[in-house]
Amino acid sequence: MITMVEIPEELEQLKRFHGHLGPFVLIGYRMGTIARKKLEGKIEAVVFTGTKVPLSCIIDGIQFSSSCTLGKGNISIQEKEDAEAHFVSDTNLIEIKLRDEVRRRIESTCNRDVEEVMALGLFSEPEATLFNITSVETTPFERTVKLR
């Protein structure tokens, strides 16, 4: 018997935006949510995933939850293939990196049949379990150097 899992409305919207609900779009969503919670005012993002699927799905999650978008030009993508993003405001820089063991778990067990269930599981995990987060108070010059 197949049981239906209820998806919270915010994740239904993310699913509609991205086209499906998988672990990497959810990771990006969580990264952007953390940045919005910790930073005030206008923020910019640098995402180090590159543009190769599925890791690049993180980009859509970040755009959806942080309001940093390609259209506004306040997000940029670095071709590094790292599950990492940096967010900057007027006074702070936050570096958020997916823990290696979480990335390995996603990459070794995720497929189309389980991606939504895996994403929902990641949605409920504490951020400290998923990410290494570094927050730094910076000057404008330091932020510019770190974002390049």
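The values are calculated or read from the model by the stated rules, or taken from the named source; none is laboratory data. The structure displayed is predicted, hence computed values, not measured ones. Using ideal geometry, Cβ is built from the backbone for each residue, glycine included, and neighbour counts are taken over all protein chains shown.
So that you can scan it fast, the table gives a plain yes or no per residue for (1) among the hydrophobic types (A, V, I, L, M, F, W, C); (2) buried (at least 17 other Cβ atoms within 10 Å of the Cβ):
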residue: 72; (1), (2): no, no
residue: 79; (1), (2): no, no
residue: 82; (1), (2): no, no
residue: 89; (1), (2): no, yes
residue: 94; (1), (2): yes, yes
residue: 102; (1), (2): yes, yes
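Being of a type in the set (Lys, Arg), farther than 17 Å from residue 137 by Cα and at pLDDT 95 or above is the requirement here; does residue 97 meet it? Walk me through how you get there before you give the answer.
Numbers: of a type in the set (Lys, Arg): yes; farther than 17 Å from residue 137 by Cα: yes; at pLDDT 95 or above: yes.
Yes.
Step by step: first the residues of the stretch 1-18, then only those that are in a loop (DSSP other than H, G, I, E, B) and loosely packed, with under 13 Cβ neighbours inside 10 Å, then the one that is modelled with the highest pLDDT. Which residue is that? Full working, then the answer.
First, pick out the residues of the stretch 1-18 that are in a loop (DSSP other than H, G, I, E, B): 1-8.
In the following step, the residues that additionally are loosely packed, with under 13 Cβ neighbours inside 10 Å were identified as 1-6, 8.
Working: 1: 39, 2: 45, 3: 46, 4: 60, 5: 70, 6: 85, 8: 94.
By that ranking, first place goes to 8.
Can you tell me which residue in the stretch 115-132 is farthest from residue 6 (Cα to Cα), limited to those that are surrounded by fewer than 19 Cβ atoms within 10 Å (Cβ to Cβ) and not hydrophobic (A, V, I, L, M, F, W, C)?
Result: 132.
With the stretch 91-139 as the region, which helices (runs of 4 or more DSSP H) entirely inside it contain at least 3 residues that are closer than 14 Å to residue 25 by Cα?
100-109, 115-124
Pull up the stretch 19-66, narrow it to residues that are among the acidic types (Asp, Glu) and either in a helix (DSSP H, G or I) or at pLDDT below 95 (or both), then point me to the one that is surrounded by the fewest Cβ atoms within 10 Å (Cβ to Cβ).
The initial filter retains those residues of the stretch 19-66 that are among the acidic types (Asp, Glu), namely 40, 44, 60.
Adding the requirement that they be either in a helix (DSSP H, G or I) or at pLDDT below 95 (or both) leaves 40, 60.
Values: 40: 11, 60: 18.
Among them, the one singled out is 40.
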